[in-house]
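Engineer: Got a structure for you, written out below as structure tokens; questions coming shortly.
We did not get these values from a lab; they are worked out from the coordinates using the rules stated. All values reported here derive from a predicted model rather than from experimental measurement. Glycine also receives a Cβ, built like all others from the backbone with ideal geometry; neighbour counts cover every protein chain displayed.
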């Protein structure tokens, strides 16, 4: 593979890890950087970045993302008898940073 193309693909993954935030994404970023640019193959193979790309519904305890209200209602997480709680995030914030706290609601 072309070295420039590989560097660009790594750059895209770095930005996805960074945008995703959270411990798992930061570990992935460090592992990718260490393995690919530091020749440290003792680090684990990084998992794919996890981040919310668009307007979605996210179940914070499982971090499952639903693309529509209909898909959430079809899931086993939906309970018509429970009240709905929505927390909105600005584009520069990260729901994964607060997922553990919100999951307790």
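Engineer: Listing 58, 26 from the residue with the fewest other Cβ atoms within 10 Å to the one with the most, what is the order? Don't skip to the end; give the middle numbers.
Structural biologist: Working: 58 18, 26 13.
Ascending number of Cβ neighbours within 10 Å: 26, 58.
Engineer: Ok, one more. How much length is gained on full extension from residue 80 to residue 3, taking 0.36 nm per residue of separation minus their Cα-Cα distance?
Structural biologist: Details: separation 77, 0.36 × 77 = 27.72 nm, distance 5.24 nm.
Full extension from residue 80 to residue 3 adds 22.5 nm.
Engineer: Report relative contact order for region 1-69 in percent, whole number only (criteria: Cα-Cα under 8 Å, sequence separation at least 6).
Structural biologist: Numbers: 59 pairs, mean separation 16.6, N = 69.
With pairs under 8 Å counted, the relative contact order is 24 percent.
Engineer: State, to one decimal in nm, how far the label point of residue 37 lies from the label point of residue 11, with both points 7 Å from Cα in the Cβ direction.
Structural biologist: Taking the simple label geometry, residue 37 and residue 11 are separated by 1.1 nm.
Engineer: I need 85, 50 ordered by Cβ neighbour count within 10 Å, fewest first. Before the final figure, lay out the partial values.
Structural biologist: Details: 85 7, 50 16.
Ranked by crowding around the Cβ, least crowded first: 85, 50.
Engineer: Something else about it: Going by how many other Cβ atoms sit within 10 Å of their own, how do 9, 80, 59 line up, fewest first? Numbers along the way, then the final one.
Structural biologist: Numbers: 9 12, 80 6, 59 16.
Least to most surrounded, the residues fall as 80, 9, 59.
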